[in-house]
Amino acid sequence: MKPKNVTQGKSYMEKFFFENIYRQYYSNICHYIRKRISNQQDSEELASEVFTNFYKRIEEFDESGKRSAE
């Protein structure tokens, strides 16, 4: 379940960066949440929210995934 309606106004590199982070961490984050709430559907929904919030603020991160200094 990928976040929806957040790609508008993002650059190609931001989208590419997000896609790589999503593929690398989605299952781990979903599994982490699932262990704590014991509901598969809710854990997928919450994991999706994590990535939606990350994507909305993606410009705050550098290429390594660390928050950039402001």
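Things worth noting here:
- Computed extension length for Asn20-Glu49: 8.7 nm, one decimal, from 0.36 nm per residue of separation with the Cα-Cα distance subtracted.
- For Lys56, the aspartates and glutamates whose Cα comes closer than 14 Å to its Cα, not counting residues fewer than 8 places off in the same chain, are Glu14, Glu19.
- Highest average first, the peptides 28-39, 45-56 ordered by how many other beta carbon atoms sit within 10 Å of their residues are 45-56, 28-39.
- Order of exposure, largest accessible area first, which applies to Arg23, Arg57 with probe 1.4 Å: Arg23, Arg57
The values are calculated or read from the model by the stated rules, or taken from the named source; none is laboratory data. From a predicted model like this one, the values you see are computed outputs, not experimental measurements. All Cβ positions, even for glycine, are placed from backbone atoms using ideal geometry, and neighbour counts span all protein chains on display. Keep in mind that these areas ignore ligands, DNA and RNA; they rest on the heavy atoms of the full protein, side chains included. Shrake-Rupley method; radii C 1.70, N 1.55, O 1.52, S 1.80 Å.
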